[in-house]
Amino acid sequence: MLTKETINLINQSREKQHLQEFESLAEKLTQEGIDVKTLLGQLEKFQIAVPSWALGAGGTRFGRFAYGGAPRTLLEKIEDVGLLHALTKNSNAISLHIPWDIPKDFQEIKEAAIAQQLSFDAVNSNTFQDQVNQKHSYKYGSLSHADKAVREQAIAHNKEVIQIGESLGSKSITVWLADGSNFPGQNNFQKALQRTQDSLQEITKSMPKDWRLFIEYKPYEPHFYSTVIQDWGTSFLLANACGPQAFTLVDLGHHLPNTNIEQIVATLLMQGKLGGFHFNDSRYGDDDLTVGSIQPYKLFLIFNELVYGMATNKNNPPLAWMIDASHNTKDPLEDLLQSIDAILESFAKALLVDQKALHQAQQYSDVVMCQELLQNAFKTDVRPLIREMRLRKGGALETLQVYRETKQRQIRIQQRGADALSSGL
C-alpha cells in the first residue's frame, strides 16, 4: 500500500531542514564525547513488536467505537504492521493473541509476514475469556481454579498456543492470568498460588528448549479483592519456580499509582529475570494510552535503568519489547506511530546519560549533579537522531506526515469498509 519511492519523495521536501538539525546535534554530541555512529546503530537495532489486537478499535467495558478500515483478518493485520515497519524501520515483529488470531493457513501467513519483512514475536494465551464451545468456564479462574478439569483445559490451551507459535517461528509465550477474587473468603490464597505454580510448571515443561515463558502480573482488574499474580514479586517467585526458561514481564500499566517501576526493573535485571516490556501510558491504572503521552520523564527513567542494566547484567537475556495499548479515541496506526517514536526517544535519551559521571556523582552523594546529568539528557531533542537513522534505512523522516499525506486510513476504509471490526477486546 506504500512504496519506498513514495516515502523517498515525501522525505525530499524535509531532507534539507533535517540535515541541518542532525548535523547540529551530531556536532554537539561529538563534542560531549558521544560516538554518534554507535548511537545510530543502537537505535537501528532496537525493534518493537506490535500486537495484533492493537490494530483494531480499542474499547472499554462500556463499548467500542468503529473508526473505519480496521483489519478484519490476520493477513490484513500483517499488512498494517508492515506499513508501520516501512515507515519507522523499528517495528519488525507482530505478536499474536490466541484464539483471536489463529492462522488458517500457516504457510500463507508466514509468507505474508516475510513479504512485509516481519517475524513473529511472543504468542499470547487467553484464559481470561470463555470461547465458543468451551467445555469449562473460566468465570472463577483458569490455571488457579479449584477444579482440576478447568486447570487442565487452561494448560492444554497454553500448550496449543506454543504449538501455534512453533509453526510460525516464535520463540516465547506470554501468560497474563486474570485469575483472582472479588470477595474475602472466595479463594484460599495459598492454594490458588500453588495451583498456579503447578500449572505454569507443566506449561514450561512442554516448551521447546530455546523458548521463554513470560509471566505478567497485575494488581487488580478484572478482579478487585485479589489477583493471583498481583505484583512483580509474585511473578518473580513463579518464574524462579518454573526454572531458567521463565521470566517476569513488566507491563507499564500493571502497577498501583506512583509505583517506582524503574526500581523493579533494576531488581529484576540484577536477578537475571527480566523477560521484557509491554509499553503504554496511564493516568490512573491500566489505561493503555499512547506511550509517553502522560509521563514521559518516568519512561525515560525506566530506560535509564534498562540501559545500565542491559550493559551491566549480562546474566539477563535480551529483552522483548512490545507495545500494549488499546483505547478508542485515536486511529490505532497513528497511535502506534506516536508510541514507537516515544519509546525510541526515551531510549536515545537514556543512551546519552554519562553513566560514568553519574556513578561518580552517586559515589560522592552529589545529589544535584545526579539530577543535572539525568535532566540534561532528558531535555536533549533526540528526534534528529531518530530521523537520520530512518533516512539511512529507507524509512520516513516524519512517519505521521507520510501516513496522512498518503491517506493510509482512507485507503483502508475503501478496501475494508467503514464498519470493519477487528478481533480483540
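Condition first: charged (D, E, K, R) and in contact with a helix residue (DSSP H, G or I) (Cβ under 9 Å, 6 or more places away or on another chain). Now tell me which residues in the range 183-204 satisfy that.
Those that are charged (D, E, K, R) and in contact with a helix residue (DSSP H, G or I) (Cβ under 9 Å, 6 or more places away or on another chain): 195, 198, 202.
With respect to the conditions (1) touching a residue at least 40 places away in the same chain (Cβ under 8 Å); (2) part of a helix (DSSP H, G or I), residue 183 lacks only one, and its number is (2).
Okay, residues lined up against (1) without any contact (Cβ under 8 Å) to a residue 60 or more places away in the chain; (2) surrounded by 21 or more Cβ atoms within 10 Å (Cβ to Cβ):
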| site | (1), (2) |
| --- | --- |
| 25 | no, no |
| 30 | yes, no |
| 34 | no, no |
| 39 | no, no |
| 53 | no, yes |
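Of the residues making up the range 372-424, those that are among the basic types (Lys, Arg) and surrounded by 14 or more Cβ atoms within 10 Å (Cβ to Cβ) number 7. Evaluated against (1) assigned to a helix (DSSP H, G or I); (2) touching a helix residue (DSSP H, G or I) at 6+ places or on another chain (Cβ under 7 Å), residue 339 falls short on exactly one condition, (2). Of all the criteria given as (1) surrounded by fewer than 19 Cβ atoms within 10 Å (Cβ to Cβ); (2) part of a loop (DSSP other than H, G, I, E, B), the one not satisfied by residue 69 is (1). Look at (1) within 27 Å of residue 275 (Cα to Cα); (2) part of a loop (DSSP other than H, G, I, E, B); (3) touching a helix residue (DSSP H, G or I) at 6+ places or on another chain (Cβ under 9 Å); (4) touching a residue at least 60 places away in the same chain (Cβ under 8 Å) and you find that residue 99 fails only one, number (4). None of 194, 245, 230 is surrounded by fewer than 16 Cβ atoms within 10 Å (Cβ to Cβ) and either farther than 21 Å from residue 325 by Cβ or more than 21 Å from the chain's Cα centre (by Cα) (or both) except 194. Within the set of pairs 6 or more residues apart or between chains, which connect a residue that is of a type in the set (Lys, Arg) inside the range 283-308 to a residue that is at pLDDT 95 or above with Cβ atoms less than 6 Å apart? Cβ pairs passing all conditions: 283/294. With respect to the conditions (1) aliphatic (A, V, I, L, M); (2) crowded, with 18+ Cβ neighbours inside 10 Å; (3) more than 30 Å from residue 243 (Cβ to Cβ), residue 323 lacks only one, and its number is (3).
The values are calculated or read from the model by the stated rules, or taken from the named source; none is laboratory data. None of the values given here were measured: they were computed from a predicted structure. Methodologically, a virtual Cβ is constructed for each residue, glycine included, from the backbone with ideal geometry; neighbour enumeration extends over all protein chains shown.
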